[in-house]
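Student: My structure is below; once you've seen it, I'll send some questions.
The values are calculated or read from the model by the stated rules, or taken from the named source; none is laboratory data. If you're wondering where the values come from, they're calculated on a predicted model, not measured in any experiment. Every residue, glycine as well, gets a Cβ built from its backbone with ideal geometry; the counts of neighbours run over all protein chains shown. Note: areas computed on protein heavy atoms with side chains; ligands, DNA, RNA excluded. Shrake-Rupley method; radii C 1.70, N 1.55, O 1.52, S 1.80 Å.
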Amino acid sequence: MRALLALTLSVLAACAIAPEPAPRWSIVVHGGAGIIERANLTPELESQYRAAMQRALDTGGGILESGGSSLDAVEAVIREMEDDPLFNAGRGAVFTAEGRNELDASIMDGRTRAAGAVAGVTTIRHPISAARAVMERSRHVMLVGEGAETFARSQALEEVAPSYFFTERRWQQLEENLRANNLPIPEPPAGAPSAPRAELAYPDDHQFGTVGVVAYDQHGNIAAGTSTGGTTGKRWGRVGDAPIIGAGTYAQNGICGVSATGTGEFFIRVGVARDICARMQFNGESAQEAADHVIADVGALRNNAGQPGDGGVIVLDGEGRFAWAMNTPGMYRAQLSAGGEPVVQIFADEQ
Ligand code: ASP
């Protein structure tokens, strides 16, 4: 009897601490974090965002289910999101104070820890593909500005006129930002459509809307990527965390994959993506524990204006189990594992 009791107790204990079974493949996606609240997101816009996040899962999940690589899934999903004007990446990116779209992206292959990144590019339609080309077809990890564009051209990546990235919504956000900072309003880029000045019904996500994907494929390979237009009204060639390996993006097979979004200055100072992975690798923290710790650390920092660090992360552990964390009221986010139900969430309090 006593033996039976002991056996039952040990089985129960094992169940309580056993991690969830590892999925065959999995993918987690974000579309930016920020002040996204129910009060300022119309039902139409909310359903557009949820549909876009579901599409991201469909695209990535389709590639992973058919045996494709995590790297291909990350690139394909981010390319679609770069084309979608809802997100601050590619078309729909935020503007600099000079009225330009300067785009940043990075990608990392967890199998080899090869990585590639571009920053401050203005004519590459899909910055994530340029980042991948830097990783696979150059001896470098990060290229910036005109040099990155020359390289992308040499690799026959698609080029567009700078006005391709223009959206009225982001232009109005720029005007608001510049007025608030007493800065002059520049001319819109040559060739930008002149749309009627409709009242904006968008959430105050003007700093955010970056996109990121982490995927785990059927071969056990993890990849992560991030793409952004940065922050509205940025100046002086400012670059955030998205193209910085170890800050906005990191992937290492058997350990982790991370993509971050938020005020990049804080994420660079913390080295967010690498710190999450290091906590998992050396402290034995779960993906959720590591994500929570690092977001708390970001929130404890202040900038010169006394503002706290804000943003969020998506994480996969070495076996494809997901976690996310944020200290903002919302983050567009979605997750799917082989054979599972899709999860699409926006507000921080959604479970
Ligand atoms: N992290 C990005 C940056 O600082 C912005 C964002 O995530 O929305 O450039």
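Student: For the chain, which whole-number percentage of the solvent-accessible area (1.4 Å probe, protein heavy atoms only) is attributable to carbon and sulfur atoms?
Tutor: Working: 7870 of 14800 Å².
Solvent-exposed carbon and sulfur of the chain make up 53 percent of the total.
Student: Could you work out how far helix 43-65 tilts from the main Cα principal axis of the chain, as a 0 to 90 degree angle to the nearest 10?
Tutor: Helix 43-65 sits roughly 60 degrees off the main axis of the chain.
Student: Just to confirm the number: angle between the C-alpha axis of helix 272-282 and the first principal axis of the chain, 0 to 90 degrees, nearest 10?
Tutor: Roughly 20 degrees between the two axes.
Student: Using only Cα atoms and rounding to the nearest 10 degrees, what angle (0 to 90) does helix 2-17 make with the longest principal axis of the chain?
Tutor: Tilt relative to the chain: about 10 degrees.
Student: When the chain is treated as a GNM, springs tying every alpha-carbon pair under 10 Å, which of Leu336, Leu301, Leu103 comes out with the largest mean-square fluctuation?
Tutor: Looking only at Leu336, Leu301, Leu103, the largest GNM fluctuation is found for Leu301.
Student: Between beta-carbons, use under 13 Å as the cut-off and find the net charge around Gly248, counting Lys and Arg +1, Asp and Glu -1.
Tutor: Numbers: positive: Arg269, Arg274; negative: Asp104, Asp241, Glu265, Asp275.
Value of the local net charge: -2.
Student: Calculated from DSSP H runs of 4 or more alone, at -39500 (n - 2.57) each and per residue, what is the 222 nm mean residue ellipticity of the chain, nearest 500? Can you show the working numbers first?
Tutor: Values: 9 runs with 119 residues, N = 351.
Using -39500 (n - 2.57) per qualifying helix, the result is -11000 deg cm²/dmol.
Student: Compare the peptides 258-264, 47-53 by average per-residue count of other Cβ atoms within 10 angstrom and give them in order, highest first. Provide the component values of the computation, followed by the final result.
Tutor: Working: 258-264: 31.1, 47-53: 17.3.
For the peptides 258-264, 47-53, the packing ranking is 258-264, 47-53.
Student: Oh, and also: Could you tell me which of rounded, prolate or oblate describes segment 73-121, using a ≥ b ≥ c as the square roots of the eigenvalues of the alpha-carbon gyration tensor, with rounded for a/c under 1.5 and, failing that, prolate when a/b is larger than b/c and oblate otherwise?
Tutor: It is oblate, given that a/c is not under 1.5 and a/b is not larger than b/c.
Student: To the nearest Å, what is the center-to-center distance of segment 305-339 and segment 239-284, using C-alpha atoms only?
Tutor: Here the two parts' Cα centres lie 11 Å apart.
Student: Give me the extension gain from Glu319 to Arg179: residue separation times 0.36 nm, minus the current Cα-Cα distance, reported in nm with one decimal. Before the final figure, lay out the partial values.
Tutor: Working: separation 140, 0.36 × 140 = 50.40 nm, distance 4.81 nm.
So the chain would gain 45.6 nm between Glu319 and Arg179.
Student: Here's something else I'd like to know. I'd like the trypsin sites (Lys or Arg not before Pro) in segment 61-139 restricted to DSSP loop residues with at most 14 other Cβ atoms within 10 Å, sorted by number. Please report the intermediate quantities before stating the final value.
Tutor: Details: sites: Arg79, Arg91, Arg100, Arg111, Arg113, Arg125, Arg132, Arg137, Arg139; in loops: Arg91, Arg100, Arg111, Arg113, Arg125, Arg139.
Counting only loop positions with at most 14 other Cβ atoms within 10 Å, the trypsin sites (Lys or Arg not before Pro) in segment 61-139 are Arg113, Arg139.
Student: For Gly309, what is the net charge nearby, where nearby means another residue's Cβ is under 10 Å from its Cβ and Lys, Arg count +1, Asp, Glu -1? Can you show the working numbers first?
Tutor: Working: positive: Arg269, Arg302; negative: Glu265, Asp297, Asp310.
Once all neighbours under 10 Å are counted, the net charge is -1.
Student: Which whole-number value in Å² is the accessible area per residue of segment 193-351, probe 1.4 Å?
Tutor: 37 Å²
Student: How charged is the neighbourhood of Val343? Take every other residue with its Cβ under 10 Å from the Cβ of Val343, and add Lys/Arg as +1 and Asp/Glu as -1.
Tutor: On the way: positive: Arg333; negative: Glu341, Glu350.
So the environment of Val343 carries a net charge of -1.
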